[in-house]
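Note sheet for the following structure.
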Amino acid sequence: MPGANPQPHATSLSRRAVLGVGALGALALAGCTSGSGSGSGSGSGADSAAGTATSGTSAAGSSSATGSTTSATSATSGTSASTGARAALSAPVDAATGLRVPWSGAVLPDGSVLVSERDTALVKRIPAGGGAVETVGTVQGVDAGGEGGLLGLAVDTATYASTPVLYAYVTAGSDNRVVTIAMGGGRFGAQTPIITGIPKGNIHNGGRLKFGPDRFLYVTTGETGRTGNSQNRDSLGGKILRVTTSGEAAPGNPFPGSRVWSWGHRNVQGIAWSAGGQMWASEFGQDTWDELNVITPGSNYGWPTVEGMAGQSGFIDPVRQWHTDEASPSGIGIGPDGAVLMAALRGQALWKVPVGSDGSTGEPEKLLDGEYGRLRDVFVGPDGNVWIITNNTSRGQVRDGDDRVVRLPQSLTG
């Protein structure tokens, strides 16, 4: 691609400092109405979502470490989350095994963790403090195939106690969509679509959901292999969307009346916010460069005109880039020490990118190289440690016990 950096490892920002970018995003967030808002949304009707909490065959590994607490997470699922003491672990510990193509994890205020299974459309629950994994329910209307199915999960932990709602990104028969599922008593109730009409394809369906520091819902979408979607602001494909809890365009969005927060994306797979409100996103490249981007409202990230650092006017360069065999990034999170952590599929590793007090990035460090195979998601768990979700039952080399959710000790992640 034009201007691509030929170095073989992760490379840094080439033409613009990160300093000031995070501040711009934070100011934009601060200027928006706090709270998730309400509205009619784009979907209509409510479907009955099957499922009661039942015992599953997956079993959680031993979690005898002191301090495996049920401390609540922060009000957003995209930030480093634990408010209690960090549990002391001397080695990685399986929190769940025997999962089938798990995709996303969401921490509940009671310390339990929900995990989506892409192909089965099941949502599993890892109890607070460990124990047998349960099936909470089946998300209705999922049309799994290719890279589509039941993808991202999110909860607004600030309101979950009074209004328990699960948000899910699903591939349906004719589109990708975001649905809400009532979770009274920890069981699935009514399911309601709040965003419909996101382009659907065999590849590049996006699918990550997270609540930002402003408590609006952010949604990542892919261009489904139709590259024209990315540069078409009227299409919901190849974008990051910012919406209310009813699915409408959030107040303060850069394009009036539009859900679009940023555009020119190929297939954003992870989003997170560091201290000060700086937003980060991981993105699948095509043949040359995978990307870690700082996201600012209204910005165009260049696909399909550019891939990686091109220095081309009108487009925003990534702050870090990797060859596609080193990364193929999926979920990202902010670690307890403030670094960006990025799960890598093809790269079969956890990448750690230090973040300075000014928002700049340091040299990436490759963790867990090949130890767990393909990694799909990473987040700070209820015990204050970093948790990862593996992804070997779809395309990888299946190990005994795969797929699994693993708690990592501080000695590995910082």
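Structure above, values below:
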item	result
Matching entry among Thr171, Thr220, Thr224 (being on the phi > 0 side of the Ramachandran plot and among the polar types (S, T, N, Q))	Thr224
Check on Gly141, in a loop (DSSP other than H, G, I, E, B), in contact with a strand residue (DSSP E or B) (Cβ under 7 Å, 6 or more places away or on another chain), of a type in the set (Gly, Ala, Ser) and farther than 28 Å from Gly401 by Cα	yes
Which listed residue, of Gly237, Gly222, Gly207, is closer than 16 Å to Val268 by Cα, of a type in the set (Gly, Ala, Ser) and either in contact with a Leu (Cβ under 9 Å, 6 or more places away or on another chain) or without any contact (Cβ under 8 Å) to a residue 24 or more places away in the chain (or both)	Gly207
Among (1) without any contact (Cβ under 8 Å) to a residue 12 or more places away in the chain; (2) under 18 Å from Ile203 (Cβ atoms) - the single one Phe284 does not satisfy	(1)
Segment 245-264, subset assigned to a loop (DSSP other than H, G, I, E, B) and in contact with a Ser or Thr (Cβ under 6 Å, 6 or more places away or on another chain), residue farthest from Leu151 (Cα to Cα)	Pro251
Selected residue [of a type in the set (A, V, I, L, M, F, W, C) and in contact with a helix residue (DSSP H, G or I) (Cβ under 9 Å, 6 or more places away or on another chain)] from Val340, Val386	Val386
Subset of segment 200-217 [on the phi < 0 side of the Ramachandran plot and in a loop (DSSP other than H, G, I, E, B)]	Lys200, Gly201, Asn202, Ile203, Asn205, Arg208, Gly212, Pro213, Asp214, Phe216
Restricting segment 365-384 to residues that are acidic (Asp, Glu) and in contact with a Gly (Cβ under 8 Å, 6 or more places away or on another chain), the residue that is surrounded by the fewest Cβ atoms within 10 Å (Cβ to Cβ)	Asp377
Hits in segment 322-347 - residues which are in a strand (DSSP E or B) and within 26 Å of Trp387 (Cβ to Cβ)	Trp322, Pro329, Ser330, Gly331, Ile332, Gly333, Ile334, Val340, Leu341, Met342, Ala343, Ala344
Pair list, Cβ under 8 Å, 6 or more apart: segment 134-150 residue modelled with pLDDT under 95, other residue buried (at least 19 other Cβ atoms within 10 Å of the Cβ)	none
Close pairs (7 angstrom Cβ cut-off, 6 or more residues apart or separate chains): within 22 Å of Asp400 (Cα to Cα) and among the hydroxyl-bearing types (Ser, Thr, Tyr) in segment 86-115, buried (at least 21 other Cβ atoms within 10 Å of the Cβ) and modelled with pLDDT under 95 anywhere	Thr97/Ser58
Residue satisfying condition, being closer than 30 Å to Arg407 by Cβ and at pLDDT 95 or above, within set Pro329, Pro256, Pro304	Pro329
Qualifying residue in segment 161-178 (condition: among the aliphatic types (A, V, I, L, M), over 15 Å from the mean Cα position of the chain (by Cα) and modelled with pLDDT under 95)	yes
Odd one out for Ser313 among (1) under 22 Å from His204 (Cβ atoms); (2) among the hydroxyl-bearing types (Ser, Thr, Tyr); (3) out of contact with any strand residue (DSSP E or B) (no Cβ under 6 Å at 6 or more places or on another chain)	(1)
Val294 vs. criteria touching a residue at least 40 places away in the same chain (Cβ under 8 Å), in contact with a Phe, Trp or Tyr (Cβ under 7 Å, 6 or more places away or on another chain) and more than 17 Å from Gln321 (Cβ to Cβ)	no
Subset of segment 153-197 that is farther than 18 Å from Ala250 by Cα and touching an Asp or Glu at 6+ places or on another chain (Cβ under 6 Å) - its residue that is surrounded by the fewest Cβ atoms within 10 Å (Cβ to Cβ)	Gly173
Top-ranked residue of segment 298-337 - restricted to ones that are acidic (Asp, Glu) and in contact (Cβ under 8 Å) with a residue 40 or more places away in the chain, ranked as surrounded by the most Cβ atoms within 10 Å (Cβ to Cβ)	Glu307
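The values are calculated or read from the model by the stated rules, or taken from the named source; none is laboratory data. Please read these numbers as outputs of a predicted model, since none were measured by experiment. For neighbour counting, all protein chains shown are included, and Cβ atoms are generated from backbone atoms with ideal geometry for every residue, glycine included.
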